[in-house]
Every structure is written in structure tokens, then in C-alpha cells.
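To start, the structure under review is shown below, and the notes come after it.
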Amino acid sequence: MNFYEQRILPASRQMKDLEKAVASSYEYLVLLDVHIAQLKHACGMVHQANKKLFLHMDLIQGLQSDGHATEYLCQEYRPYGILSTKSSVIQKAKQKGVIAVQRIFLIDNSALEKSCKLLENTQPDVIEVLPGGMPSVIRKVKDRTNLPILAGGFISSREDVELALQAGAEAVTTSNKNLWREFEKK
């Protein structure tokens, strides 16, 4: 997965943040928290701006995060990608031709082992490693999977971004608007 030199993927938690991200020069955007009633407007705004939207399936309020809901979202809203911790969501997104991003939370070596087994089964297009502020863990995941990696969570400074990228992440997802501005291409 190539994000074409886009080192930050702005992750929006509110509609006003999504509007800022759409108005930016960023092409790839992430929508985290959203109510199902706002989804049509959000997706329409992003599509109209010719940008690519990743929807975080597990954080859409009012919609169950499962294969059926994923199929509905892929058909009805045509996101560029779907993020989820759930294998059924990842498999359905891939089946529908949508970029599937498997989110993994790495709290210890056991979680790393379980996540690597999960990744073998789901075979996502991209992995999002959380927390993303752990360069040595990003390197381990990259070496074990050889899949494109997004780093997310606990990214709060330019140094965090640079370390994640140096460790092998393709890009960093962040809701930190200061980092959006700092890394935005002018």
C-alpha cells in the first residue's frame, strides 16, 4: 500500500474535524467516531472532494460491526478502506474489493503472537499497529508479516511520527491536528 508520500493520515473523531481534513491537501483520510445518521453526509463530502476515506467499522455508532454491516457499507457508501479489529469485517471488506486494514493492539508478546496468527488467517491489505509509538514493535511486526503498516495511538510529536516511519510504517494515523498541519504538503 502506497500512500504516495503522505506520512500522516488525518483521523477525524468529529464532523468538524473531518471537514478540516477534507479542506486539507491530504488525499487519504480516516473517519473514526461517527453516528450512522452522519455517514451519508460524511462520505458524500469526502467523495465530492475526490479524496479516499477509510471508515473505522468498529466505531460507527448505531451499526453492528460484522460482515453484514460491512457488506452494506461497501455497497452503499463505497469507502476506500475499512479498519477493524474483527476478522469477519476484514474478510468481507476484501471480498467486496475494499482495502482491509486489520487493527491490532499490542500490549505484550502474547498479544503479538495472537495477532500474527490472526493476520495469517485474515490476510489484510494493511495492518494498523497500536500503540504506534513503539518503533521496535513496528519493526517486529514488519519483519514477521511483510505487510504495509500504519502506526496509530500515542503519536503526539514529530519525533513519534519520524520514529514510526523509520521503523517501517508506511504512514501514521493521528487525530492530532497540530501534526496534520505540520506534515501537510503546501
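The values are calculated or read from the model by the stated rules, or taken from the named source; none is laboratory data. Everything quoted here is computed from the prediction, not taken from an experiment. A quick note on method: Cβ atoms are made from the backbone with ideal geometry, for glycine too, and the neighbour counts reach across all protein chains shown. Remember, those area values only see protein heavy atoms, side chains included, never the ligands or the DNA or RNA. Shrake-Rupley method; radii C 1.70, N 1.55, O 1.52, S 1.80 Å.
Amide H to amide H, with H built 1.01 Å from N, LEU106 comes under 5 Å of LEU130, counting only residues 5 or more places away or on other chains.
What pairs from LYS16/LYS94; LYS92/LYS117; LYS16/LYS86; LYS114/LYS140; LYS51/LYS177; LYS94/LYS117 go past 25 Å between their alpha carbons? Long pairs (Cα-Cα over 25 Å): LYS16/LYS94; LYS16/LYS86. GNM on the chain, alpha-carbon springs under 10 angstrom: the most fluctuating residue among GLU27, GLU120, GLU71 is GLU120. The GNM of the chain, with springs linking C-alpha atoms under 10 angstrom apart, assigns the highest mean-square fluctuation among TYR26, TYR72, TYR80 to TYR72.
Considering only LEU29, LEU163, LEU150, the mean-square fluctuation computed in a Gaussian network model of the chain, springs between alpha carbons under 10 angstrom, is largest for LEU163. Note that the stretch 132-145 has calculated 3J(HN,Hα) couplings of x, x, 10, x, 5, 6, 4, 4, 4, 5, 4, 5, 7, 10 Hz, one per residue in order, obtained from phi through the Karplus relation 6.51 cos²θ - 1.76 cosθ + 1.60 (θ = phi - 60°); glycine and proline are x. Per residue, the accessible area of the chain comes to 49 Å², computed with a 1.4 Å probe over protein heavy atoms only.
For the stretch 42-47, 3J(HN,Hα) computed residue by residue from phi via the Karplus equation (6.51, -1.76, 1.60; θ = phi - 60°) reads 4, 5, x, 4, 5, 4 Hz, glycine and proline entered as x. Counting charges near ASN146 (Lys, Arg +1; Asp, Glu -1) among other residues having Cβ under 15 Å from its Cβ returns a value of 0.
Compared with the direct C-alpha span, the chain from ALA49 to SER88 gains 11.0 nm at full extension, assuming 0.36 nm per residue.
With a ≥ b ≥ c the root eigenvalues of the C-alpha gyration tensor of the stretch 49-123, is it rounded (a/c under 1.5), prolate (a/b larger than b/c) or oblate? Prolate, since a/c reaches 1.5 and a/b exceeds b/c.
Here the convex hull built on the C-alpha positions of the stretch 1-131 has a volume of 106 cubic angstrom per residue. Computed from backbone phi with θ = phi - 60° and the Karplus coefficients 6.51, -1.76 and 1.60, the 3J(HN,Hα) list for the stretch 28-39 is 9, 10, 10, 10, 8, 7, 7, 8, 3, 5, 9, 5 Hz; x is used for glycine and proline. Counted by Cβ distance under 10 Å from CYS43, the other residues give a net charge of +1, where Lys and Arg count +1 and Asp and Glu count -1.
Count the net charge of all other residues whose Cβ sits under 12 Å from the Cβ of GLY133, scoring Lys and Arg as +1 and Asp and Glu as -1.
Working: positive: none; negative: GLU159, ASP160, GLU162.
Local charge sum for GLY133: -3.
Working note: 222 nm ellipticity from helices only, DSSP H runs with n ≥ 4, each -39,500 (n - 2.57), summed and divided by the residues of the chain, gives -13500 deg cm²/dmol to the nearest 500. Apolar share of the accessible surface for the chain: 47 percent from carbon plus sulfur atoms, 1.4 Å probe.
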